[in-house]
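*Asks:* Below you'll find the structure I mean.
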Amino acid sequence: MLHGGLGENGALLEVLQLMGIPYVGSGPAACRISYDKSIASRIMTAVGVATPQQVALPHDIFRELGTRPVIHSITKKFGLPIIVKPARGGSSLGVTRVDDIDALPQAIANAYAYDDMVVIEEFIVGTELAIGMITTSEGTQVLPAVEVRPVGGVYDYSAMYTGGETRLTAPAEITDEVAQAATEMARVVQGELDFFGISRVDAIVDGSGRPVFLEAGAAPGMTATSLVPVAMKAADLDLGEVCSRLVDDIAHSHG
């Protein structure tokens, strides 16, 4: 249930492995790869999953090149609006949607406050989905997709943690074809990133009904307003029973 930096970047799991302490969930490598949005989306692109156009900018290169040429190139390539976010970090901290080119330098500065690598990507208009997965030694169960509708239009930190800021619909109001495509995408992500235990894929369904990969989490939030518990409820699963099953699964494999 560890969420946030230490829970998601694989560091603590390295120590647990070193000490021979069993844990539930994905291994350190899966955590590190999925935690870095610039790496995870490139892996997905390479295996044929649709992803937004994206550029990853290390802070030192951005400083060397200067703001103006970089910003000019980005807007020329992606158009507006665009999304600016730290490459590594949870809870959508430092994420900004930019509709006006004048707001871009500040958005980039905000993101650099959280990480020295910033990801800038095209903004895709569509239905936002969160697809939870439960993986045990017996295989992966993909949960019904949850539709995320932030009142303010962007699922940022306050939308995520303030009750009533976001409308969640589970299962999502999407066609069977789109639901099927989202499930298939989730399975590909789980296999490529080697997720175990509870994980989540965030996607957006574009105008053509195609789910586009945004990011994936090896240790998604599990609070009352979080997306995976909502998906579990939609699948008639009891959170306590799921946790027991995951613990039993690890106990048997270590037994």
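*Asks:* Among what's in segment 143-170 and is part of a helix (DSSP H, G or I) and surrounded by fewer than 16 Cβ atoms within 10 Å (Cβ to Cβ), pick the residue that is modelled with the lowest pLDDT.
*Replies:* Here the residue is Y157.
*Asks:* Which condition number does D206 fail, the rest of (1) surrounded by 18 or more Cβ atoms within 10 Å (Cβ to Cβ); (2) touching a Gly at 6+ places or on another chain (Cβ under 7 Å) being met?
*Replies:* (1)
*Asks:* Another question, if that's okay. Among the residues of segment 106-132, write down those that are charged (D, E, K, R) and either closer than 18 Å to G207 by Cα or in a helix (DSSP H, G or I) (or both).
*Replies:* E121, E122, E128
*Asks:* State all residues of segment 221-255 that are of a type in the set (V, I, T) and either open to solvent by less than 30 Å² (accessible area, probe 1.4 Å) or more than 21 Å from the chain's Cα centre (by Cα) (or both); if no residue qualifies, say none.
*Replies:* Of everything in segment 221-255, those that are of a type in the set (V, I, T) and either open to solvent by less than 30 Å² (accessible area, probe 1.4 Å) or more than 21 Å from the chain's Cα centre (by Cα) (or both) turn out to be V228, V242, V247, I250.
*Asks:* Sticking with this structure for a sec: For segment 1-29, enumerate the residues that are part of a helix (DSSP H, G or I) and either under 13 Å from the mean Cα position of the chain (by Cα) or of a type in the set (D, E) (or both).
*Replies:* E8, E14
*Asks:* Still on this structure: Go through segment 197-234 and give me each residue that's more than 12 Å from T51 (Cβ to Cβ), small (G, A, S) and not in a loop (DSSP other than H, G, I, E, B).
*Replies:* G197, S199, G217, A231, A234
*Asks:* For E177, are the conditions met, namely being surrounded by 15 or more Cβ atoms within 10 Å (Cβ to Cβ), modelled with pLDDT of 95 or more and either among the acidic types (D, E) or within 15 Å of the chain's Cα centre (by Cα) (or both)?
*Replies:* Spelling it out, it is not the case that E177 is surrounded by 15 or more Cβ atoms within 10 Å (Cβ to Cβ), modelled with pLDDT of 95 or more and either among the acidic types (D, E) or within 15 Å of the chain's Cα centre (by Cα) (or both).
*Asks:* Would you check which residues across segment 71-91 are open to solvent by 20 Å² or more (accessible area, probe 1.4 Å), part of a helix (DSSP H, G or I) and touching a strand residue (DSSP E or B) at 6+ places or on another chain (Cβ under 6 Å) and list them?
*Replies:* Residue satisfying the conditions is F78 alone.
*Asks:* Out of segment 28-85, which residues are polar (S, T, N, Q) and either touching a Leu at 6+ places or on another chain (Cβ under 7 Å) or within 27 Å of A11 (Cβ to Cβ) (or both)?
*Replies:* Scanning segment 28-85 gives S34, S38, S41, T45, T51, Q54.
*Asks:* Return a yes/no flag: does segment 58-77 have any residue that is at pLDDT 90 or above, over 12 Å from E215 (Cα atoms) and touching a Ser or Thr at 6+ places or on another chain (Cβ under 7 Å).
*Replies:* The answer is no; no qualifying residue exists.
*Asks:* Return the only residue of R42, R68 being open to solvent by 10 Å² or more (accessible area, probe 1.4 Å), within 28 Å of A179 (Cα to Cα), in a helix (DSSP H, G or I) and out of contact with any strand residue (DSSP E or B) (no Cβ under 7 Å at 6 or more places or on another chain). Don't jump to the end; show me each part of the working.
*Replies:* Numbers: R68 fails: within 28 Å of A179 (Cα to Cα).
Only one candidate passes the filter, namely R42.
*Asks:* Name the pairs: first residue in segment 98-127 and more than 30 Å from G209 (Cβ to Cβ) and open to solvent by 30 Å² or more (accessible area, probe 1.4 Å), second residue outside any helix (DSSP H, G or I) and acidic (D, E), Cβ to Cβ under 9 Å, at least 6 apart or on different chains?
*Replies:* Final answer for the pair search is M117/D36.
The values are calculated or read from the model by the stated rules, or taken from the named source; none is laboratory data. Since the model is a prediction, treat every value here as computed from it, not as a measurement. Note that we place each Cβ from the backbone using ideal geometry, even for glycine, and neighbour counts take in every protein chain shown. The protein model used for the area step is the full one, side chains on, heavy atoms only, and it has no ligands, DNA or RNA in it. Shrake-Rupley method; radii C 1.70, N 1.55, O 1.52, S 1.80 Å.
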